[in-house]
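Student: Structure below; questions to follow.
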Amino acid sequence: MVRVCVLFAAGTNCDQETVHALELAGAAATTVHVNEFRNKRANLKDFHALVVPGGFSYGDYIASGKILAGELVRYMKDDISEFHAAGKPILGICNGFQVLVKSGLLPAFDHLFEEQTVTLDWNDSGRYEDRWVRLQTAGTSCVFTQGLPETILLPVAHAEGKFIPKNRPALDRLQKRAQIVFRYVGPHGQTAGYPDNPNGSVGGVAAICDPSGLIMGMMPHPERFVYTHQHPHWHRRRSASADGITIFENAVKYAKQNL
Amino acid sequence: MFWRVEVSRKTKDPFAQALKRDLAELGIRDTGRISVSRLFFVQGDIERDTVERLAAELFCDAVSERYEVSADAVGVRDVEVLYNPGVMDPSVASILRALEDNGLAGCQVRTGRGFGFERRLSPGEKRMVVDLLLNPLIEHQAEPGEKVFVEPEKYRFQALTVNLAGKTGEELDRISKQGLLALGREEMAALQDHFAGLRRDPTDVELETFAQTWSEHCQHKTFRGDIEYGGRRINNLLRSTVFKVTEELNKDWCLSVFHDNSGAVAFDDEWAITVKVETHNHPSALEPYGGAATGIGGVIRDCLGTGLGAKPIMNTDVFCFAPVTTKRRDVPDGVIHPRQVMRGVVAGVRDYGNRMGIPTANGAVYFDEGFLGNPLVFCGTVGLIPRDKLVKRVGKGQRIVLLGGRTGRDGIHGVTFASLELDQESQEFSSGAVQIGNPIEEKRLADLVLQARDQGLVGAITDCGGGGLSSAVGELAEATGCEVHLDRVPLKYAGLTPAEIWISEAQERMVMFVEPECVDRLNELARAHDVEATVIGEVTGTGRLVLDYQGHRVADIDMGFLHKGWQMKARKAEWQKPETPEPFVRQRQDLGTLVVKLLQTPNISSKEWVVRQYDHEVQGTSALKPFCGPDDSGPTDAAVITPVRGSKRGCVVACGLRPRYGLLDPYWMAASAIDEALRNCIAAGGDIETAALLDNFCWGSPERPDQLAGLVRAAQACYDIAKGYQVPFISGKDSLYNEFQTAAGQAVPIPPTLLVTAVSVIPDVDRTVTPDFKAPGSTVYVVGETLEELGGSEFFRIHQGLGGSVPRVDAARGRRIMKALARAIRNRLVRSCHDVSEGGLGISLVEMAFAGDVGVGVRLRKVPGARRFRRDDFLLFSESNTRFVCEVLPRHRAEFEKLMRNVPHAAVGRTTKEPELVVNGLGGDEVVRLDLARAKKAWREALTRRM
């Protein structure tokens, strides 16, 4: 059985649906409080995949994900490095993406926990917004997105999701190394403005991975689309499948191959 | 010495841009560049290089921000905003945690906001800017050199008593007023007698305990007391109306009604759904952000305090404001402009609900001039709880554990303040009643409570809301008695008197009664979640409420007298039907223009600006969302969620309110609110057989005979209509004294308002529908009868009239209609369905059409009830109750009509390819031809443009 650790901190609030999505995908998922890692009562070695779920860790009071990112560096650095070296996948969703970026686990151009090179800034609207978006899968070697259709629909719900690279070379590097996993696009797959690009992300970037494709961070919420009746248009036309579940199935499938 | 870290943005700053727009609106232009920065003040044994490191790694984002560290600097920017001393800053706890992670335990932190303007502002401009940026109740502008960290004064115990013996009635009134006790003369006299019998004076703590427990907020004295109305005496209005219908209907799926913190209905064999809706009107009038946030925080704790703890699974929010376009000169002194109120309230609900991870999926915003000085903020929480965890057990020897946030001077006299009218001075004397919440404190608390429940550690639980510990402990231990050591209550800062500790309404606290052998396990769990848990006393079995402070007995009260001793003079209620003539409205040829005009009115236009700011999908349970249609912009009537993961069993949640009808007749206002809540619920796929209702009365002073008469009439409507529909009430709450003193000294009550919330459990969310038309070529039906009932309508409002013909409800027929329609929806015969409410048929039709990008053509002549009309506009815009518009595929027509055979219904037209609304009038001629894109744009942008 693939065992997945869903990391929890004060303010995490998408943990239960994330556990449910992982269970639907065939994994045994456990919520583990970061305090357990802090007190060394939990061991990351016991797990085959790690998910940092959405929410408002510590209220996002300094900036989104900032305090939990610091705790990852302080209390879990060696464990995570080992975990990654063992070929185990790590997924950050929404607040989890913000945590991965701010702890230097993404984009991790040269090594894990490197100095922050991208950020997730305040939405251009200056407000929290919940809406469904269209995402183009950008054809990467990322383990989470194999077999997804060219465009998928997922909801975003955040205030700080505007992807900004530190500079032009950082963006070029992401592109060249195929580290951009999802882009926000318009109805015809085109680069689009608000609200198709809901936050003003540079290049429409909605998700990135590390060069190995084992670590992915994404602003949209795949755990909110694991049943077709969660889709906003299902009363009009029901989709054959729920796009979000594929991402979790990929993680479980990959972890299983590498047990 | 302390350090200042100022963090500002290198990238585009949406906040500076928004501020620039707001200033321009105030007439402050050409400010040049505006900078907005975040300020962190740190005090402790800490060197500059450590502060620099913290600034770089913790406070500042390496990509988008820059920082500046300085020593001893405060008040150096053009405007610097700091919280007032004692006001809780929610970010501090998180920052302290981060400092502790960095090995810096023991530091102190405060935060602030800095604003810089390139052009020097004139003193007048600066005053306006400060007014816009801060609320003096909770914040102030920092002065250069101001002491940022103030040591509070220590408290030394003093035994205080209040001399009541021999006081005259007037003197008793004065004591009540000076102490902000809000006790009436009879009650003060009852206390005088009681303590005379004991041959002693009450202590300050005792007197406060009575004031809190006997407050209108806690006892609902108006509803439970005697009322003289229409030549008869009503004893306990609530019992003879709202409770009575529930008792008479005696539904076996009503598991817990009216006695716990929420009502509970069966969801399935294992689970129950709980619902509670609260108001937080006065705090939101004074401090919209904090008032709304603590409102939602409070009702979430009500949910957690239901049974042995219910899990919050959805929030509802309903607001009543004055129009955001109200002219500044029409806003009296001491009143915050409605747009600012609305922004603050929405942000407060957003920041609290989103952080708690509870979807805010249903609600309403209603605008009327009558809410200018006294807005209404209703917050509701739906919960999920195992059915075997619904009963609390209080027993001798249980430990009383206080959980969550620390106690400060915040919110003292909140409940007694709720029984006083707002006036210009409210802003000053009641500032203690205003607070801001800390959702993360509450999130930790919720995580803990639900785990403690599942581990069987909870004997009883309730939240600390109005009245603080005094209400929470006092109510739970009513039958047993208890002893509490007030000096054990963890404080935010020193200096609180025992009375203040006892009645503080500091947020994010709950009280749990726990068997002694479970205390260690609870403590361990609390530590794992970083929640403070303190045993403050125990359940005794003496029937007395005993309070100690540092070895001094500060209260010793008989529980029986405390809970039953309140008094209330019989009040007079006198109803006078208002004389409101129908306005003259000139008939026009082109009603399309009127449709567009109505679509732009505050009550009809899209609330997307509000709703998008709420996370309505967290927890992954949403099966019918606030928006519908191919571009997710059409309105829906109700929220549908799947509370239990993996199951398609659903819960439909909807609401109804009709404040404007309250100006005509509160009876029909209440009847219409019930009807609207139920039809919203049914339109989405709810079932009248499993529907349950909640009532929230918001009224002016019950001491006015006409206001009280309106209340009686509304309560009677609750009985009559709910009985007719055979739908029980399961919970409710009232908020009275919603009045505002104008500058001229005139007290203005709000429009009498009943909010009705409806929930219905359904077996399968696949059998729900949305309002957007699905395809051209379908038959469009109107179900229910249209009468000439335009009194209080939006149509009359745009013609500057109120009118007298308020819409009525025929509940027996309504039940037949809703039963038939629910069945048709369940049998998948209805492709789309929308209720008919504000703006009448014309608005329902155009909303369904533009939501689905599908046109529609209808003939008014065919509408049930049309033969009684002479005017197309009245028929198109009348707001008669119990009506629906349905889209039915041609092949389902016969079956649909068979189900509808005993209720008014008619095929009135068809959906079309052309993206237009086309209406043919009674005479057959075309009265509307309206482009849907134009209609949608008007509807969608009207509110957003003004926010």
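Student: Here is a check on your reading of the model: is A:Val19 within 14 Å of chain B (Cβ to nearest Cβ), within 28 Å of B:Arg38 (Cα to Cα) and surrounded by fewer than 23 Cβ atoms within 10 Å (Cβ to Cβ)? Write out each step before concluding.
Tutor: Working: within 14 Å of chain B (Cβ to nearest Cβ): yes; within 28 Å of B:Arg38 (Cα to Cα): no; surrounded by fewer than 23 Cβ atoms within 10 Å (Cβ to Cβ): yes.
No: the conditions fail for A:Val19.
Student: With respect to B:Glu186, is the statement that it is in contact (Cβ under 8 Å) with a residue 40 or more places away in the chain, surrounded by fewer than 20 Cβ atoms within 10 Å (Cβ to Cβ) and over 30 Å from B:Glu47 (Cα atoms) true?
Tutor: Working: in contact (Cβ under 8 Å) with a residue 40 or more places away in the chain: yes; surrounded by fewer than 20 Cβ atoms within 10 Å (Cβ to Cβ): yes; over 30 Å from B:Glu47 (Cα atoms): yes.
Yes; evaluated as a whole, the condition is true for this residue.
Student: Give the residue that is modelled with the highest pLDDT, with candidates limited to residues of the stretch B:446-475 that are in a loop (DSSP other than H, G, I, E, B) and under 14 Å from B:Glu505 (Cβ atoms). If you could, list the steps in order and put the result at the bottom.
Tutor: Of the residues in the stretch B:446-475, the ones in a loop (DSSP other than H, G, I, E, B) are B:455-459, B:464-467.
Next, only the ones that are under 14 Å from B:Glu505 (Cβ atoms) stay: B:464-467.
Details: B:Cys464: 93, B:Gly465: 87, B:Gly466: 86, B:Gly467: 88.
This residue is B:Cys464.
Student: If a residue has to be facing chain B (nearest Cβ under 10 Å), assigned to a loop (DSSP other than H, G, I, E, B) and not small (Gly, Ala, Ser) to count, how many in the stretch A:95-118 make the cut?
Tutor: The number of residues fulfilling the criteria is 3.
Student: Looking at (1) within 24 Å of B:Arg612 (Cα to Cα); (2) away from chain B (no Cβ under 14 Å); (3) at pLDDT 95 or above, which is the one condition that is false for A:Thr191?
Tutor: Result: A:Thr191 passes all but (3).
Student: Here's another thing I want to ask about it. How many residues are under 27 Å from B:Phe319 (Cβ atoms) and surrounded by fewer than 19 Cβ atoms within 10 Å (Cβ to Cβ) if we restrict to the stretch B:576-595? Let's see the steps before the verdict.
Tutor: Let us first name the residues in the stretch B:576-595 that are under 27 Å from B:Phe319 (Cβ atoms), namely B:578, B:580, B:594-595.
Restricting the remaining residues to those that are surrounded by fewer than 19 Cβ atoms within 10 Å (Cβ to Cβ) gives B:578, B:580.
Number of matching residues: 2.
Student: Ok, one more. What residue, among those in the stretch B:596-614 that are closer than 17 Å to B:Ser878 by Cα and not polar (S, T, N, Q), is surrounded by the most Cβ atoms within 10 Å (Cβ to Cβ)?
Tutor: To start, the set of residues in the stretch B:596-614 that are closer than 17 Å to B:Ser878 by Cα comprises B:596-599, B:601, B:603-604.
Adding the requirement that they be not polar (S, T, N, Q) leaves B:596-599, B:604.
Numbers: B:Val596: 18, B:Lys597: 15, B:Leu598: 27, B:Leu599: 25, B:Ile604: 22.
Applying the filter and picking the extreme gives B:Leu598.
Student: Just the residues that are in contact with a strand residue (DSSP E or B) (Cβ under 6 Å, 6 or more places away or on another chain) and surrounded by fewer than 20 Cβ atoms within 10 Å (Cβ to Cβ), please, taken from the stretch B:45-62. It would help to see each step written out before you state the result.
Tutor: The initial filter retains those residues of the stretch B:45-62 that are in contact with a strand residue (DSSP E or B) (Cβ under 6 Å, 6 or more places away or on another chain), namely B:51-52, B:55, B:59-61.
Passing the criteria: only B:Glu52.
Student: Residues that are assigned to a strand (DSSP E or B) and within 14 Å of chain A (Cβ to nearest Cβ): does the stretch B:744-765 have at least one?
Tutor: Initial filter on the stretch B:744-765 (assigned to a strand (DSSP E or B)): B:747-749, B:753-762.
Right, trim to within 14 Å of chain A (Cβ to nearest Cβ) and you get B:762.
Checked against the condition, which is being assigned to a strand (DSSP E or B) and within 14 Å of chain A (Cβ to nearest Cβ), the stretch B:744-765 yields at least one hit.
Student: Moving on. Check B:Thr621, B:Thr601, B:Thr593, B:Thr636 and return the single one that is in contact with a strand residue (DSSP E or B) (Cβ under 9 Å, 6 or more places away or on another chain) and facing chain A (nearest Cβ under 9 Å). Working first, answer last.
Tutor: On the way: B:Thr601 fails: facing chain A (nearest Cβ under 9 Å); B:Thr593 fails: facing chain A (nearest Cβ under 9 Å); B:Thr636 fails: facing chain A (nearest Cβ under 9 Å).
On inspection, the qualifying residue turns out to be B:Thr621.
Student: Go through (1) in contact with a Lys or Arg (Cβ under 8 Å, 6 or more places away or on another chain); (2) farther than 30 Å from B:His337 by Cβ and name the single condition B:Thr279 misses.
Tutor: (2)
Student: Determine whether A:Pro149 is surrounded by fewer than 24 Cβ atoms within 10 Å (Cβ to Cβ) and at pLDDT below 95.
Tutor: Details: surrounded by fewer than 24 Cβ atoms within 10 Å (Cβ to Cβ): yes; at pLDDT below 95: yes.
When the stated conditions are applied, A:Pro149 passes them.
Student: Here are the criteria: (1) touching a residue at least 12 places away in the same chain (Cβ under 8 Å); (2) farther than 16 Å from B:Asp873 by Cα. Tell me which single one B:Gly924 does not satisfy.
Tutor: For B:Gly924, the exception is condition (2).
Student: Residues being in contact (Cβ under 8 Å) with a residue 60 or more places away in the chain and of a type outside the set (Phe, Trp, Tyr): count how many of those fall in the stretch B:90-120.
Tutor: To start, the set of residues in the stretch B:90-120 that are in contact (Cβ under 8 Å) with a residue 60 or more places away in the chain comprises B:90, B:93-94, B:97, B:104, B:106-119.
Narrowing the set further to residues that are of a type outside the set (Phe, Trp, Tyr) leaves B:90, B:93-94, B:97, B:104, B:106-114, B:116, B:118-119.
Number satisfying all stated conditions: 17.
Student: Hey, another quick one. Counting only residues that are of a type outside the set (A, V, I, L, M) and more than 30 Å from B:Gly291 (Cβ to Cβ), which one in the stretch B:63-89 is surrounded by the most Cβ atoms within 10 Å (Cβ to Cβ)? Spell out the reasoning first.
Tutor: We begin by selecting, within the stretch B:63-89, every residue of a type outside the set (A, V, I, L, M); these are B:64-68, B:70, B:72, B:75, B:77-78, B:80, B:83-86, B:89.
Filter again for more than 30 Å from B:Gly291 (Cβ to Cβ), leaving B:64-68, B:70, B:72.
Details: B:Ser64: 22, B:Glu65: 19, B:Arg66: 15, B:Tyr67: 19, B:Glu68: 13, B:Ser70: 13, B:Asp72: 11.
Once the filter is applied, the top-ranked residue is B:Ser64.
Student: Within the stretch A:119-148, how many residues are within 14 Å of chain B (Cβ to nearest Cβ) and touching a Leu at 6+ places or on another chain (Cβ under 7 Å)?
Tutor: Our first condition is that a residue be within 14 Å of chain B (Cβ to nearest Cβ); within the stretch A:119-148, this holds for A:119-134.
Filter again for touching a Leu at 6+ places or on another chain (Cβ under 7 Å), leaving A:132-134.
Selection size over the stretch A:119-148: 3.
Student: Let me ask something else about it. With B:Ile730, B:Ile721 as the choices, which residue is assigned to a strand (DSSP E or B) and either over 16 Å from the mean Cα position of the chain (by Cα) or within 14 Å of chain A (Cβ to nearest Cβ) (or both)?
Tutor: Values: B:Ile721 fails: assigned to a strand (DSSP E or B).
Among B:Ile730, B:Ile721, only B:Ile730 is assigned to a strand (DSSP E or B) and either over 16 Å from the mean Cα position of the chain (by Cα) or within 14 Å of chain A (Cβ to nearest Cβ) (or both).
Student: Answer with yes or no whether B:Gly106 is modelled with pLDDT under 95 and in contact with a Gly (Cβ under 9 Å, 6 or more places away or on another chain). Show your work before the answer.
Tutor: Numbers: modelled with pLDDT under 95: yes; in contact with a Gly (Cβ under 9 Å, 6 or more places away or on another chain): yes.
Considered against the rule, which asks whether it is modelled with pLDDT under 95 and in contact with a Gly (Cβ under 9 Å, 6 or more places away or on another chain), B:Gly106 comes out as yes.
Student: Follow-up. For residues that are over 15 Å from A:Ala9 (Cα atoms) and within 11 Å of chain A (Cβ to nearest Cβ), scanning just the stretch B:438-450, find the one that is surrounded by the fewest Cβ atoms within 10 Å (Cβ to Cβ).
Tutor: Of the stretch B:438-450, the ones over 15 Å from A:Ala9 (Cα atoms) are B:438, B:449-450.
Remaining after also requiring within 11 Å of chain A (Cβ to nearest Cβ): B:438, B:450.
Details: B:Asn438: 29, B:Leu450: 18.
Here the answer is B:Leu450.
Student: In the stretch B:588-632, how many residues are in a loop (DSSP other than H, G, I, E, B), out of contact with any Lys or Arg (no Cβ under 6 Å at 6 or more places or on another chain) and polar (S, T, N, Q)?
Tutor: Here the count works out to 7.
Student: Next up: Which numbered condition in (1) within 14 Å of chain A (Cβ to nearest Cβ); (2) farther than 30 Å from B:Pro332 by Cβ; (3) in contact with a Ser or Thr (Cβ under 7 Å, 6 or more places away or on another chain) is the only one that B:Gly357 fails?
Tutor: Of the numbered conditions (1) within 14 Å of chain A (Cβ to nearest Cβ); (2) farther than 30 Å from B:Pro332 by Cβ; (3) in contact with a Ser or Thr (Cβ under 7 Å, 6 or more places away or on another chain), the odd one out for B:Gly357 is (3).
Student: Now for a different question. Does B:Gly646 count as free of Cβ contacts under 8 Å to residues at least 24 places away in the same chain, on the phi > 0 side of the Ramachandran plot and not aromatic (Phe, Trp, Tyr)?
Tutor: In short, yes.
Student: Could you list, in sequence order, the residues of the stretch A:38-86 that are farther than 26 Å from B:Glu524 by Cβ, more than 14 Å from chain B (Cβ to nearest Cβ) and assigned to a helix (DSSP H, G or I)?
Tutor: Listed by number, the residues that qualify are A:Asp78, A:Ile80, A:Ser81, A:Glu82, A:Phe83, A:His84, A:Ala85.
Student: Can you confirm whether the stretch B:558-567 contains a residue that is over 34 Å from the mean Cα position of the chain (by Cα) and surrounded by fewer than 20 Cβ atoms within 10 Å (Cβ to Cβ)? Give the steps one after another, and end with the answer.
Tutor: Residues of the stretch B:558-567 over 34 Å from the mean Cα position of the chain (by Cα): B:558.
Adding the requirement that they be surrounded by fewer than 20 Cβ atoms within 10 Å (Cβ to Cβ) leaves B:558.
Yes, the stretch B:558-567 contains at least one residue that is over 34 Å from the mean Cα position of the chain (by Cα) and surrounded by fewer than 20 Cβ atoms within 10 Å (Cβ to Cβ).
Student: Quick one: which helices (runs of 4 or more DSSP H) lie wholly within the stretch B:1-101 and hold at least 3 residues that are among the hydrophobic types (A, V, I, L, M, F, W, C), more than 9 Å from every other protein chain (Cβ to nearest Cβ) and more than 24 Å from B:Gly145 (Cα to Cα)?
Tutor: On the way: elements: B:14-25, B:48-54, B:90-101.
The qualifying helices (runs of 4 or more DSSP H) are B:14-25.
Student: Now a separate question. Could you tell me whether the stretch B:682-693 includes any residue that is closer than 30 Å to B:Leu932 by Cβ, within 14 Å of chain A (Cβ to nearest Cβ), buried (at least 24 other Cβ atoms within 10 Å of the Cβ) and touching a Lys or Arg at 6+ places or on another chain (Cβ under 6 Å)? If you could, list the steps in order and put the result at the bottom.
Tutor: In the first step, residues of the stretch B:682-693 are kept if they are closer than 30 Å to B:Leu932 by Cβ; the result is B:682-686.
Imposing the further condition that a residue be within 14 Å of chain A (Cβ to nearest Cβ) reduces the set to B:683-685.
Retained after the next criterion (residues that are buried (at least 24 other Cβ atoms within 10 Å of the Cβ)): B:683-685.
With the extra rule that they be touching a Lys or Arg at 6+ places or on another chain (Cβ under 6 Å), the set shrinks to B:685.
Checking the stretch B:682-693: at least one residue is closer than 30 Å to B:Leu932 by Cβ, within 14 Å of chain A (Cβ to nearest Cβ), buried (at least 24 other Cβ atoms within 10 Å of the Cβ) and touching a Lys or Arg at 6+ places or on another chain (Cβ under 6 Å).
The values are calculated or read from the model by the stated rules, or taken from the named source; none is laboratory data. This is a predicted model, so every value here is computed, not measured. Methodologically, a virtual Cβ is constructed for each residue, glycine included, from the backbone with ideal geometry; neighbour enumeration extends over all protein chains shown.
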